[in-house]
């Protein structure tokens, strides 16, 4: 079960203590010997929601028994912190499940910075979370972003290969450094807007480092528009013009590849339409 179905050791330990295992609809244990053709049923149990539910707008892109996929708006913190305890995406998700009378813990498969918009996937149980996270470790999750960057890129498409690390111990900022962790970003230009000297690009994260896109785009001389942390703020938009556009992976239940897409938010759309 651990190698074939990606159950983590923690989940397996929990199942041995609390879970219900059946073989051909009859009670069984982990020591029961299996025969060819046996059907194994595992009840992961019901988890109580442990977060604060707050009524907030939530754009649901997809939902089933295992997953919830949403389009996070900009200027919204993903999970509660000391300064944001009841105004986060997690609070909105708990309210959504409360309205549906579902009891789940919020387990983010991916997370976005406060000012980055776009697709966020949430697992509804430990098994689903570990299943998709393992795909991330194996670099089998396809993550596509769209960004508005400054200037006209010399190459229509390229792969940026530049290691990244913190610029100082314990710091927030990252920088390209030869002693950093390996970091690969593939991009292609969708359209150049000459009157504004801006480019709309599509980016695929081959690795997934903190601030990877923002650091790499600044490194090649085309910073993300409005990125006040790594470049400068902009009068055109009040955040970095970065959007998580799509995400694809093997579904934990069907074992088939599934891809989700999140349309870009209005603030980025307006910049492109005003050209």
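Worth a mention:
- Once the range 179-208 is narrowed to residues that are in a loop (DSSP other than H, G, I, E, B) and touching a residue at least 40 places away in the same chain (Cβ under 8 Å), the residue that is surrounded by the fewest Cβ atoms within 10 Å (Cβ to Cβ) is 195.
- Among the candidates 53, 27, 90, residue that is exposed (fewer than 11 other Cβ atoms within 10 Å of the Cβ), farther than 26 Å from residue 148 by Cα and either touching a residue at least 12 places away in the same chain (Cβ under 8 Å) or in contact with a strand residue (DSSP E or B) (Cβ under 8 Å, 6 or more places away or on another chain) (or both): 27
- Filtered by the rule that a residue be within 21 Å of residue 227 (Cβ to Cβ) and either at pLDDT below 95 or within 21 Å of the chain's Cα centre (by Cα) (or both), the range 170-179 gives 171, 172, 173, 174.
- One residue stands out among those in the range 58-84 that are under 13 Å from the mean Cα position of the chain (by Cα) and buried (at least 19 other Cβ atoms within 10 Å of the Cβ): the one that is nearest to residue 129 (Cα to Cα), which is 67.
- Note on the range 112-157: among residues that are at positive phi and modelled with pLDDT of 95 or more, the one that is surrounded by the most Cβ atoms within 10 Å (Cβ to Cβ) is 118.
- Of the criteria (1) without any contact (Cβ under 8 Å) to a residue 24 or more places away in the chain; (2) touching a helix residue (DSSP H, G or I) at 6+ places or on another chain (Cβ under 7 Å), which one residue 235 fails: (2)
- Yes/no for residue 127 being touching a helix residue (DSSP H, G or I) at 6+ places or on another chain (Cβ under 7 Å), touching a residue at least 60 places away in the same chain (Cβ under 8 Å) and not assigned by TED's automatic domain parsing to the domain that holds residue 205: yes
- Picking from residues in the range 209-225 that are touching a strand residue (DSSP E or B) at 6+ places or on another chain (Cβ under 8 Å) and not in a helix (DSSP H, G or I), the one that is nearest to residue 134 (Cα to Cα) is 209.
- Here residue 167 clears all of (1) under 27 Å from residue 233 (Cα atoms); (2) touching a strand residue (DSSP E or B) at 6+ places or on another chain (Cβ under 6 Å); (3) modelled with pLDDT of 95 or more except the condition numbered (3).
- Entry remark, the range 251-274: residues being free of Cβ contacts under 8 Å to residues at least 24 places away in the same chain and under 18 Å from residue 61 (Cα atoms) number 3 in total.
The values are calculated or read from the model by the stated rules, or taken from the named source; none is laboratory data. On a predicted model such as this, the values are computed, not experimentally measured, just so you know. Ideal geometry is used to build each Cβ from the backbone, glycine not excepted, and the neighbour counts take in all protein chains shown.
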